[in-house]
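Data first, discussion second: the structure below is written as structure tokens.
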Amino acid sequence: MTSSILHRIPIQPPIAREAKGIYITLEDGNVFIDACGGALVTAVGHCHPTVIRAIEEQIGKLTFLWSMSVSNSPAEELAKLLVEDSDGAFNAATFYNGGSESVEAAMKVTKQYFFQKNEPQRVKFIARERSYHGDTISTLSLTGGNPYTAPFNDLYDKEHFHRVSAVYPFRNAAKAGGDAAYVASLIRELDDKFQELGPDTVCAFIAEPIAGAGLGIVKAPDGYFEGVRKICDKYGALLIYDEVLCGQGRLGTTHAWQSLGGKDRAVRPDLQTIGKCLGGGYAPIAALLFSQKVSDGIKINGNWLRHGHTYSNHILSCTAALAVQRLIKSENLLENVNAIGPYIEKKLKLSLKDSDLAPFVADIRGGGTLWGIEFSLEFVGKIAGFFPIFCYQENLLAVAVPGTPPNDDLSFSGIGDYTSIAPPFNVSKEEVDMIIEKFSRALRNTLKSLQLL
């Protein structure tokens, strides 16, 4: 069948018929295991009956309201749940259709906040190299070193969006003299960037607490975000966390920054985006969470939020997300995330590092149900293009991203091709075993096809 959709990949993707849990059935009857929740989205698996019932009940009552005229109970209840779950970090939320929209919202809210503080000169954002913050022109302007951005480079705003180095301890911490010295150098670089741009012109620093698509699931060393928080406070800028990929339970804590090993009050952001695991794939939804400082600043002198879309706070999307979040609570799924994480790590290391595959696997990193596997730098650009094909032959759906070789001057150490495993929060040990068995076999067949093994 010829598709009338202009797809985002060079081939016609197969068409799915139905799904349940981690299993997706195609039109031809083949059943695949979803190893990474698409783009790391599914939190409670496909077609959980509790979530489906909630959506069906809402569809029969009310399907659309414009948020500038009438609010709705699912949106109000979801915002209340997110605020109450934050241990005082946030006191308000707004809802959008996806991660890019939520990051755009964070940028506009930041600008409005400083405009109303009589600091209109604060117009610059600082992000990190090899970050990923979305797929619109402004969010791509924040994003650093993305291999898919080249066609649009001339459109990016280089006056208002600036970057500092990626946080990539695997290849860089030892060269810097250890984690503490590496963190100190990164914090100095951020301080220097504020000084270079003019401290009173910077409105915010934005970062992923766990670097996702751009680096392959990388945690910052202890102390990094405490240092970042101090720099932002020193210069009066906001700290924004992008947790679209890594937040809402993926690492076994509600917020990814709560898993970073520091005192959580020392690393709390002023604004935070969440997305993928908020709705778990049941409806398009993301959110922006506001600290009291920012929400008060927006409402000062009778003002209001100057941002939104037709489908902001959409009733069906909020219904789906509310059902997903309540299910995570009622079934204690974060407990399973914390329990299954070490098991996933153990199985990955047994299959990939304690086997004939070891020379090809540089690093296994992550936590909970969010894991990155980086392949050896020696084979950069060779594995990513073929690995998903051999996964497909194993009836396993997976993704891989090509790495980047080192710069000629070695100012960038390079990163190998990488892939991710991100099963739902309710995944079982037996399902993990199946995923990793198929994953390992696909990698072995990839290497054989390249005559590397």
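The values are calculated or read from the model by the stated rules, or taken from the named source; none is laboratory data. Bear in mind the structure is a predicted one, so any value in this text is a computation, not a measurement. Cβ placement follows ideal geometry from the backbone for every residue including glycine, while neighbour counts extend to all protein chains displayed.
Here is a list of conditions, (1) out of contact with any helix residue (DSSP H, G or I) (no Cβ under 8 Å at 6 or more places or on another chain); (2) farther than 23 Å from G385 by Cα; (3) not small (G, A, S), and K429 meets all of them except one; can you say which number that is?
Among (1) out of contact with any helix residue (DSSP H, G or I) (no Cβ under 8 Å at 6 or more places or on another chain); (2) farther than 23 Å from G385 by Cα; (3) not small (G, A, S), K429 violates only (1).
Only residues that are assigned to a helix (DSSP H, G or I) and either of a type in the set (S, T, Y) or assigned by the TED database to the domain that holds P284 (or both): list them for the stretch 336-359, please.
Y343, S351
Can you find a residue that is in a helix (DSSP H, G or I) and more than 21 Å from T253 (Cα to Cα) anywhere in the stretch 67-74?
Yes, some residue in the stretch 67-74 is in a helix (DSSP H, G or I) and more than 21 Å from T253 (Cα to Cα).
Out of the helices (runs of 4 or more DSSP H) lying entirely within the stretch 129-212, which hold 2 or more residues that are under 25 Å from the mean Cα position of the chain (by Cα) and among the β-branched types (V, I, T)?
137-142, 179-197
With E378, E374 as the choices, which residue is outside any loop (DSSP other than H, G, I, E, B), free of Cβ contacts under 8 Å to residues at least 40 places away in the same chain and acidic (D, E)? Write out each step before concluding.
Details: E374 fails: free of Cβ contacts under 8 Å to residues at least 40 places away in the same chain.
The unique qualifying residue is E378.
Rundown of residues vs (1) more than 22 Å from N395 (Cβ to Cβ); (2) modelled with pLDDT of 95 or more, yes/no style:
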{"position": "I22", "(1), (2)": "no, yes"}
{"position": "L26", "(1), (2)": "no, yes"}
{"position": "N30", "(1), (2)": "no, yes"}
{"position": "G38", "(1), (2)": "no, no"}
{"position": "T42", "(1), (2)": "no, yes"}
{"position": "A54", "(1), (2)": "yes, yes"}
{"position": "I59", "(1), (2)": "yes, yes"}
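Which of (1) under 16 Å from the mean Cα position of the chain (by Cα); (2) part of a helix (DSSP H, G or I); (3) under 19 Å from A79 (Cα atoms) is the odd one out, the single condition A287 does not satisfy?
All conditions pass for A287, except number (2).
Determine whether A286 is touching a Lys or Arg at 6+ places or on another chain (Cβ under 9 Å) and within 21 Å of Q58 (Cα to Cα). Outline the logic, then answer.
Numbers: touching a Lys or Arg at 6+ places or on another chain (Cβ under 9 Å): yes; within 21 Å of Q58 (Cα to Cα): yes.
The answer is yes for A286.
I'm trying to understand the selection: among the residues of the stretch 316-366, which are more than 30 Å from F379 (Cα to Cα) and acidic (D, E)?
E331, E335
Mind listing just one residue for me: the one in the stretch 83-96 that is over 17 Å from D264 (Cα atoms) and among the aliphatic types (A, V, I, L, M) and, of those, surrounded by the most Cβ atoms within 10 Å (Cβ to Cβ)? Lay out the reasoning, then the answer.
So the first thing to find is which residues in the stretch 83-96 are over 17 Å from D264 (Cα atoms), and the list is 92-96.
Subsequent filtering for residues that are among the aliphatic types (A, V, I, L, M) retains 92-93.
Working: A92: 18, A93: 23.
That would be A93.
Give me the pairs, please: first residue somewhere in the stretch 292-318 and touching a residue at least 60 places away in the same chain (Cβ under 8 Å) and loosely packed, with under 13 Cβ neighbours inside 10 Å, second residue anywhere and in a helix (DSSP H, G or I) and among the β-branched types (V, I, T), beta-carbon distance under 9 Å, and either six or more positions apart or on two chains.
Note: pairs meeting the criteria are R306/V109; R306/I298.
What's the number of the only condition in (1) surrounded by 24 or more Cβ atoms within 10 Å (Cβ to Cβ); (2) not in a helix (DSSP H, G or I) that D222 fails to meet?
The number of the failed condition is (1).
Does any residue in the stretch 44-62 that is among the polar types (S, T, N, Q) come within less than 9 Å, Cβ to Cβ, of a residue that is assigned to a loop (DSSP other than H, G, I, E, B) six or more places away or on a different chain, and which pairs are these?
T50/V44; T50/E331
Could you count how many residues in the stretch 163-183 are touching a residue at least 40 places away in the same chain (Cβ under 8 Å) and either crowded, with 16+ Cβ neighbours inside 10 Å or closer than 22 Å to N407 by Cβ (or both)?
Final tally of qualifying residues: 11.
If the requirement is being more than 14 Å from N313 (Cα to Cα) and free of Cβ contacts under 8 Å to residues at least 60 places away in the same chain, which of these qualifies: I22, I9, I33?
That would be I9, the only listed residue that is more than 14 Å from N313 (Cα to Cα) and free of Cβ contacts under 8 Å to residues at least 60 places away in the same chain.
Select from the stretch 374-409 the residues that are surrounded by fewer than 18 Cβ atoms within 10 Å (Cβ to Cβ) and of a type in the set (D, E) and write down the one among them that is nearest to S420 (Cα to Cα).
Looking at residues that are surrounded by fewer than 18 Cβ atoms within 10 Å (Cβ to Cβ) and of a type in the set (D, E), I get E378.
Within the stretch 17-43, work out how many residues are part of a strand (DSSP E or B) and closer than 25 Å to E331 by Cβ. Step through it out loud before you land on a result.
Just the residues of the stretch 17-43 that are part of a strand (DSSP E or B), to begin with: 17-21, 23-26, 31-34.
Still in the list and also closer than 25 Å to E331 by Cβ: 18-21, 23-25, 31-34.
Residues meeting the conditions: 11.
Going by the structure shown, is I364 touching a residue at least 12 places away in the same chain (Cβ under 8 Å), touching a strand residue (DSSP E or B) at 6+ places or on another chain (Cβ under 7 Å) and not in a strand (DSSP E or B)?
For I364, the condition - touching a residue at least 12 places away in the same chain (Cβ under 8 Å), touching a strand residue (DSSP E or B) at 6+ places or on another chain (Cβ under 7 Å) and not in a strand (DSSP E or B) - is not met.
Say we look at the stretch 293-321 and pick out the residues that are under 25 Å from the mean Cα position of the chain (by Cα), polar (S, T, N, Q) and in a loop (DSSP other than H, G, I, E, B); which of these is farthest from L239 (Cα to Cα)?
So, considering only residues that are under 25 Å from the mean Cα position of the chain (by Cα), polar (S, T, N, Q) and in a loop (DSSP other than H, G, I, E, B), the one farthest from L239 (Cα to Cα) is T310.
Cβ-Cβ below 6 Å, separation at least six or inter-chain, first residue in the stretch 73-101 and assigned by the TED database to the domain that holds K299 and polar (S, T, N, Q), second assigned to a strand (DSSP E or B) and surrounded by 18 or more Cβ atoms within 10 Å (Cβ to Cβ): which pairs?
So the pair list comes out as T94/L288.
What number of residues within the stretch 423-453 satisfy the criterion of being outside any loop (DSSP other than H, G, I, E, B) and either touching a Ser or Thr at 6+ places or on another chain (Cβ under 7 Å) or more than 20 Å from G37 (Cβ to Cβ) (or both)?
Summing the residues that are outside any loop (DSSP other than H, G, I, E, B) and either touching a Ser or Thr at 6+ places or on another chain (Cβ under 7 Å) or more than 20 Å from G37 (Cβ to Cβ) (or both) in the stretch 423-453 gives 9.
Output the number of residues of the stretch 75-92 satisfying the condition of being assigned to a loop (DSSP other than H, G, I, E, B) and closer than 20 Å to G249 by Cβ. Please lay out each step first, then the result.
Keep residues of the stretch 75-92 that are assigned to a loop (DSSP other than H, G, I, E, B), which gives 85-91.
Add one more test, that the residue is closer than 20 Å to G249 by Cβ, and what stays is 85-90.
Summing the residues that are assigned to a loop (DSSP other than H, G, I, E, B) and closer than 20 Å to G249 by Cβ in the stretch 75-92 gives 6.
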